[in-house]
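Remarks on the structure that follows.
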Amino acid sequence: MSDDQFANSLAGSLASSAASNSFVVSPASPPQTGSYRLWGLDFARVLPQLEIQQSAGVKVTSLEVVQSFLQQEFPALLESRPAAGQSVGHAAQSITAKRRYLQYDSDLIAVSVGDQLIAVFVGAPEDWSSYYVRMFAVHPRFQQRGLIRRFARECIFAPLEQHGVERVIAETSPFNIAMLRMFAEMKFQPTGHQLSERWGPMTRHTKFLDSSCESAFRERFSGQISPA
């Protein structure tokens, strides 16, 4: 089976209702995300109070909106090709599990300017005290560092810190110089690396939200004490 045939066989799982562009409003019932279950953090209640710039809006959104944006701007991120030796049935089962994880455990956030969707964010708890940024995809015309920093600081870091989360984890390719510079500007610490069968070499970076955790890290691994 060719890659094109394989991708077509998974199209229904990957992109059902993907053409939808409407935002999901704050649900009447409690959300089912991992952030809410662990920390009582409902991004749908927090985000409408935040403005990252005068003409930009930030809202909790749906998986269909995220998929639609990625298909248009970053199709390579959808992972439509099978792993070596992987059957169609196994791949379809994996994609079903991934869809459930994104729909029910993850925080899905959309950033828009006027009526134009310019970015999508996907994140979820890594454990009881850490939050993992799975994806923050920004339209190439809107990749200003100021916009990205304010979104991260006001829409992600601040709510997580207020709910007792100790650190934010993110990963990138060691060849992605722009992202490495962004992490450094936002005071992420390099904390590890790994090889992935999907993405190749990846470096791990940690933004400490709890100063005592950062002090312990610096003292243990670099012999430094964080400034008061």
* May I ask you to evaluate 6.51 cos²θ - 1.76 cosθ + 1.60, the Karplus curve with θ = phi - 60°, for each residue of segment 126-139 and list the ³J(HN,Hα) values in order in whole Hz, giving x for glycine and proline? => 8, 8, 5, 10, 10, 10, 10, 8, 7, 6, 9, 9, 10, 3
* Set of lysines near K59 by C-alpha distance (under 25 Å), chain-local residues within fewer than 8 positions excluded -> K98, K207
* **Neighbourhood net charge (9 Å Cβ-Cβ; Lys/Arg +1, Asp/Glu -1) for T33** => -2
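No lab work stands behind these numbers, since they all come straight from the coordinates. These numbers were taken from a predicted model, which means no experiment stands behind them. So basically every Cβ, Gly included, is an ideal-geometry build from the backbone, and we count neighbours across all protein chains shown.
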